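Readers should treat all values here as calculations from the given coordinates under stated rules, not as data from a laboratory. Please read all numbers here as calculations on a predicted model, not as lab measurements. Backbone-built Cβ (ideal geometry, glycine too); neighbour counts: all protein chains shown.
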Amino acid sequence: MSKTLLIIKPDATERNLVGHVINRLERARFKIAEIRLVRLTEQQARQFYAVHEGKPFLESLVAFMTSGPVIPMMLEKDNAVEDLRTLIGATDPAKAACGTIRYEVGRTIEKNSVHASDSDENAAKEVAFFFDA
Ligand code: CMP
């Protein structure tokens, strides 16, 4: 089993889509090993997205990610990172494959409902950002 991090973003918590997203994850055989509901501070959002420092969308992204509760979870599955990226679809919901979570519920390239780690190395860092595990 490998691990990855998924975050349900404020646009999805606000629209009562938490159960829907968790249902998609469970149907795809991900195990929820850790889960929290948190309200990120500006400093935490900047730290989490430090890799995007200098990008034109960073300020708006930080404002969005601190606008409401988010739900980070540590997920376990064989091939977790790649399988979760496939399940959520492309960053821009308009380009996400049919049937993916972002295709179904994402609104814009920013308000795209979920975040998922993009490599095993980043998954370890992102899991450690939210959990002791
Ligand atoms: P996420 O997978 O969490 O990684 C970075 C986030 O920045 C992304 O999802 C979007 O919410 C947001 N974002 C906004 N604009 C862009 C963009 N042009 N390219 C990539 N990410 C963007």
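Hydrophobic, long helices, defined as DSSP H runs whose alpha-carbon span along the helix axis is 18 Å or greater and whose mean Kyte-Doolittle value is at least 1.6, do not occur in the chain. Peptides 29-42, 64-77 ranked from most to least packed by the mean count of surrounding Cβ atoms within 10 Å: 64-77, 29-42. Is the shape of the stretch 1-47 rounded, prolate or oblate, going by the alpha carbon gyration tensor and its root eigenvalues a ≥ b ≥ c, with a/c under 1.5 for rounded and a/b larger than b/c for prolate? Oblate, because a/c is 1.5 or more while a/b does not exceed b/c. Please give me the summed charge of the neighbours of residue 20: other residues whose Cβ is under 12 Å from its Cβ, Lys and Arg +1, Asp and Glu -1. Charge balance near residue 20 sits at +1. Here the calculated FRET efficiency for residue 42 and residue 91, from their Cβ-Cβ distance with R0 = 22 Å, stands at 0.50, rounded to the nearest 0.05.
Classify the chain as rounded, prolate or oblate from the Cα gyration tensor: take a ≥ b ≥ c as the square roots of its eigenvalues, call it rounded if a/c is under 1.5, otherwise prolate when a/b beats b/c and oblate if not. Don't skip to the answer; put the middle values down first.
Details: a/c = 1.40, a/b = 1.14, b/c = 1.24.
It comes out rounded by the Cα gyration axes.
For residue 3, the aspartates and glutamates whose Cα falls under 20 Å of its own Cα, not counting residues fewer than eight places away in the same chain, are 26, 34, 76, 78, 82, 83, 118, 120, 121, 126, 132.
Charge dipole of the chain (Cα centre as origin; +1 on each Lys and Arg Cβ, -1 on each Asp and Glu Cβ, all else neutral): 380 debye, rounded to the nearest 20. Projecting the Cα positions of 79, 66, 108 onto the charge dipole of the chain (unit charges on Cβ atoms of Lys, Arg, Asp and Glu, taken about the Cα centre) puts 108 furthest along the positive direction. Note on residue 78 and residue 59: their simple-model spin labels are 4.8 nm apart, each label 7 Å out from Cα toward Cβ.
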